[in-house]
1. With respect to Ser84, is the statement that it is small (Gly, Ala, Ser) and without any contact (Cβ under 8 Å) to a residue 24 or more places away in the chain true?
2. Between Leu17, Leu66, which is modelled with pLDDT of 95 or more and out of contact with any Cys (no Cβ under 7 Å at 6 or more places or on another chain)?
3. What number of residues within the stretch 65-89 are aliphatic (A, V, I, L, M) and open to solvent by less than 30 Å² (accessible area, probe 1.4 Å)?
4. Across the stretch 1-35, what is the total count of residues that are surrounded by 11 or more Cβ atoms within 10 Å (Cβ to Cβ) and closer than 20 Å to Thr77 by Cβ?
5. Looking at the stretch 36-64 only, could you name the residues that are in contact with an Asp or Glu (Cβ under 8 Å, 6 or more places away or on another chain), crowded, with 19+ Cβ neighbours inside 10 Å and among the hydrophobic types (A, V, I, L, M, F, W, C)?
Amino acid sequence: MARPKVSCPPRADILALVDGAGRLSIRVTPNASADAITLATADGILQVRTTATPEGGKANGAVLKLLAAALGQPVSTLELLRGSTGRNKIVRVI
C-alpha cells in the first residue's frame, strides 16, 4: 500500500514565518494519526504533527524531515536550536 501524501502548506507561507535570524517556531504533536503541517496560529507558531514517537529523538528527526520536504530543501539545511525534549521548538532554516 502506498504512503498517504503529507498535508502541508505552500513553501512561501512557511518561509513567511521565518524571522530575520532564520528562526522558525514550531509546536509538535508526536504520535499523531497522520503526518501533517498546518499554518501558524495567531501567535505565529507552525503546527507539525508526526506519527513518530518521542523516544530517542525519533520525533525530532521526523519533524525535521517533514519540514525539509515541505520547504523543498535537504534536512542538512535545518538545525534544531531549542526544544529537543519539549513540544515547542525553534528551528533554524539555513
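1. Details: small (Gly, Ala, Ser): yes; without any contact (Cβ under 8 Å) to a residue 24 or more places away in the chain: no.
So Ser84 fails the test.
2. Values: Leu17 fails: modelled with pLDDT of 95 or more.
Criteria check complete, one pass: Leu66.
3. Residues meeting the conditions: 6.
4. 18
5. So in the stretch 36-64, the residues in contact with an Asp or Glu (Cβ under 8 Å, 6 or more places away or on another chain) come out as 39, 49-51, 62.
Filter again for crowded, with 19+ Cβ neighbours inside 10 Å, leaving 49-50, 62.
The answer is Ala62, and nothing else.
The values are calculated or read from the model by the stated rules, or taken from the named source; none is laboratory data. Model, not experiment: these values are computed from the prediction. A quick note on method: Cβ atoms are made from the backbone with ideal geometry, for glycine too, and the neighbour counts reach across all protein chains shown. Remember, those area values only see protein heavy atoms, side chains included, never the ligands or the DNA or RNA. Shrake-Rupley method; radii C 1.70, N 1.55, O 1.52, S 1.80 Å.
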